[in-house]
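Engineer: So that we are looking at the same thing, I have put the structure below in structure tokens.
The values are calculated or read from the model by the stated rules, or taken from the named source; none is laboratory data. None of these values were measured; they are calculated from a predicted model. Reconstructed Cβ throughout: ideal geometry from the backbone, glycine too, with neighbour counts over all protein chains shown.
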Amino acid sequence: MIETRTFQAEVQELLGLVIHSLYKHEEIFLRELVSNASDACDKLRFEALTDPALGVKEDELAITIEVDRTTRTLTVSDNGIGMSRDELAENLGTIARSGTKAFLRELKDKGGTASPALIGQFGVGFYSSFIVADRVVVESRRAGASEAWRWTSEGKGEFTIEAGARATRGTSVTLHLRPHGADEEHPQDFTSAFTLRGIVKKYSDFVAFPIRMEVERWEPKEGGKPGEGATVRAVETLNSMRPLWTRAKDEITADEHAEFYRHLAHDFEAPLETIHFKAEGTLEYTALLYVPARRPMDLFSSESSKSSLQLYVKRVLILGDCHDLLPPWLRFAKGVVDAPDLPLNVARDVLQQNAQVRQIQKRLTKRVCESLAQMLEKDRARYAGFWTNFGMLIKEGIYSGGDEDQRLSKLALFPTTHGAEATTLVEYVARMKAGQEAIWYLAGDEKASLEGSPHLEDFAKRGEEVLFFVDPVDEWLLERFREFDGKPLRAIDREGAHVESTSEKEAREALEREHRATLSAIERELANHVKAVRFSTRLTESPAALVSDENAIGPNMERLMRAANQTVEPQKRVLELNPDHALFQKLARLCKEHGETSPEFQDHVALLHGQALLAEGSSLPEPGRFARLLAKLLA
Ligand code: ADP
């Protein structure tokens, strides 16, 4: 009986997108099918470890490519794990990948088109068959099952499932190729052995199982004259089957790394960085890790909050997504660890407690950090790209306590008053002036708005550099690193960030006595918002600034906590006024001439306070009133 089913809505959407976006890269369908076949062999080999009844012989696992030029069909078969009827419907009719919905929604917002890089990064898998085929037939028989099933689809919303004829374990995917040469965009003939061999070499050479194809070969007659001979058909193994990580480091080309990485990470681009080493000694293993060049879109989804590397034991894939080889904050890294000393049948939950695995994790973490430190030192532009994509995770590492020896804080980049380029803390410290008390920072939304902060005036005068903490997590990070290289990190909008000399203090206090009446009147008018009003010795240009207590929650943190729906008491701060500014002089006159209850005086006090809030990037308590007063003043 033939059963007809419809694809999950997302499959249909993705199919359209895949065909539309990847038609210029159509050859990747073969990589995807070979990759699936290889996974199926891996899975069977792993299952056979605990189930000898499956009767799997190590060297029988293989992938076969067959071509029929007359019917224009191409078949990729494997004798791996196979799929049951339910698995066929589930795996080839729905998309299990996390973030699919979000991905499609995002694309819709962009007008429904995806760059090959974006869609490639999403991982197109089996569905890429429909770029080159107008009909796909999958015949599969699950290992250990007695019946086979056939899945057929034209990629137009429906597929059918019926009993199949496959006599042995495994899966065959048959593509009915679209007419060849229909347009110039599709120059490749996928029924040509030469073409197929080239594609396999390019993308799948390292696959651990033989990829075989029957080819025609000209064989000269033994002992015959030149030109004498015949065309014979022979089975050829197209790939070298040498897993990349087992090869000598300097023998592997950048292209080979790129292809292997793409296969691992479902990425379209080459990796940003490759880390390959063999650990020797008491615990032996090989690690081949890659740092991606771009941020995968699900980096911060709850499903992918763990690191994931492939774990091999003597070249047998044990876990496709081992979470224990790297800490969660290094989850951007993709790659393989082959640890021959681990037991072959090691279970996922046992791994966590395994002392060897912990040791590997420690070492890998160190190596990744070293390699990033090296990139930072040798290739700043490339590192800046890394930081934009994955800096958040390094900060997550600092926050989660992974920052021994401050090796992670050394990797952090911060915008600074020193120039347009972000700086490291090491560079900052090297530029510190003699006698500079602290590593100064100012926290807020973005560099551009912080650059206008009145608090910077004093530091510009002193010639001391200030870092901008513009990432919401930066201030939380301070819980973990209160100091760097023995120097405390301190906010500049705090009481203690500005130290007055004795003479400055005396002069200020004398001036305050002189203007006591005005200062007190302002204080009374702003009693709900500020805790004191006094003169400032830190301001040169601005009329006013708000200063927090040394250990109080700063205005940025207050904003962030509100945004995260946390209750925070409004923090009352000190309003410091610039006695030389015309605005203060005007206030003093209004107070004297009209009295502190006059609208003239009160309106100007509200404007003064409002502009101090705006200057630091805070919002106004009464924006409507502020706007009206400003309009009145301007008119
Ligand atoms: P992915 O391989 O990224 O998971 P695919 O769309 O390529 O996505 O495949 C979906 C699922 O179908 C696979 O995860 C696998 O379970 C199953 N599958 C595909 N090809 C095969 C095959 N040759 N043998 C067994 N299972 C397969």
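Engineer: Which one of the conditions (1) touching a residue at least 12 places away in the same chain (Cβ under 8 Å); (2) under 28 Å from Ala258 (Cα atoms); (3) away from the ligand (no atom under 13 Å from the Cβ) does Gly125 fail to meet, given that it meets all the rest?
Structural biologist: With respect to (1) touching a residue at least 12 places away in the same chain (Cβ under 8 Å); (2) under 28 Å from Ala258 (Cα atoms); (3) away from the ligand (no atom under 13 Å from the Cβ), Gly125 is out only on (3).
Engineer: Can we say Thr231 is closer than 28 Å to Leu264 by Cβ and at pLDDT 85 or above?
Structural biologist: No.
Engineer: Among the residues of region 23-32, is there at least one that is free of Cβ contacts under 8 Å to residues at least 40 places away in the same chain, assigned by TED's automatic domain parsing to the domain that holds Lys101 and part of a helix (DSSP H, G or I)?
Structural biologist: For region 23-32, residues free of Cβ contacts under 8 Å to residues at least 40 places away in the same chain, assigned by TED's automatic domain parsing to the domain that holds Lys101 and part of a helix (DSSP H, G or I): absent.
Engineer: Please go through region 261-289 and give me each residue that is surrounded by 19 or more Cβ atoms within 10 Å (Cβ to Cβ), within 23 Å of Ile199 (Cα to Cα) and modelled with pLDDT of 90 or more, ordered by number.
Structural biologist: Tyr261, Pro271
Engineer: Could you please find all residues in region 49-86 being loosely packed, with under 15 Cβ neighbours inside 10 Å, farther than 24 Å from Met213 by Cβ and within 16 Å of the ligand (Cβ to nearest atom)?
Structural biologist: Matches in region 49-86: Asp86 only.
Engineer: I need a count of the residues in region 607-625 that are without any contact (Cβ under 8 Å) to a residue 24 or more places away in the chain and surrounded by 14 or more Cβ atoms within 10 Å (Cβ to Cβ).
Structural biologist: 4
Engineer: Has region 89-96 got any residue that is assigned to a helix (DSSP H, G or I) and either among the basic types (Lys, Arg) or surrounded by fewer than 17 Cβ atoms within 10 Å (Cβ to Cβ) (or both)?
Structural biologist: Yes, there is a match, as at least one residue in region 89-96 is assigned to a helix (DSSP H, G or I) and either among the basic types (Lys, Arg) or surrounded by fewer than 17 Cβ atoms within 10 Å (Cβ to Cβ) (or both).
Residues checked against (1) crowded, with 17+ Cβ neighbours inside 10 Å; (2) within 28 Å of Ala89 (Cα to Cα); (3) under 42 Å from the mean Cα position of the chain (by Cα); (4) acidic (Asp, Glu):
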{"residue": "Glu162", "(1), (2), (3), (4)": "no, yes, yes, yes"}
{"residue": "Ala165", "(1), (2), (3), (4)": "no, yes, no, no"}
{"residue": "Leu175", "(1), (2), (3), (4)": "yes, yes, yes, no"}
{"residue": "Phe194", "(1), (2), (3), (4)": "no, no, yes, no"}
{"residue": "Ile199", "(1), (2), (3), (4)": "yes, no, yes, no"}
{"residue": "Arg217", "(1), (2), (3), (4)": "no, no, no, no"}
{"residue": "Pro220", "(1), (2), (3), (4)": "no, no, no, no"}
{"residue": "Glu236", "(1), (2), (3), (4)": "no, no, yes, yes"}
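Engineer: Filter region 508-562 for residues that are of a type in the set (A, V, I, L, M) and without any contact (Cβ under 8 Å) to a residue 12 or more places away in the chain and give the result.
Structural biologist: Passing the criteria: Ala510, Ala527, Met561.
Engineer: Continuing with this model, one more query. Assess whether Ala521 counts as being assigned to a helix (DSSP H, G or I) and touching a His at 6+ places or on another chain (Cβ under 8 Å).
Structural biologist: Criteria not met by Ala521.
Engineer: Within 21 Å of Glu273 (Cβ to Cβ) and in contact (Cβ under 8 Å) with a residue 12 or more places away in the chain: does that describe Asp298? Break it down stepwise before answering.
Structural biologist: Numbers: within 21 Å of Glu273 (Cβ to Cβ): yes; in contact (Cβ under 8 Å) with a residue 12 or more places away in the chain: yes.
Yes; evaluated as a whole, the condition is true for this residue.
Engineer: Looking only at region 405-438, which residues are among the basic types (Lys, Arg) and more than 26 Å from Glu550 (Cβ to Cβ)? Outline the logic, then answer.
Structural biologist: Of the residues in region 405-438, the ones among the basic types (Lys, Arg) are 407, 410, 431, 433.
Once the filter is applied, which keeps residues that are among the basic types (Lys, Arg) and more than 26 Å from Glu550 (Cβ to Cβ), region 405-438 yields Arg407, Lys410.
Engineer: Of the residues Phe468, Phe459, Phe481, only one is outside any helix (DSSP H, G or I), in contact with a strand residue (DSSP E or B) (Cβ under 9 Å, 6 or more places away or on another chain), of a type outside the set (S, T, N, Q) and closer than 16 Å to Thr417 by Cβ; which?
Structural biologist: Phe468
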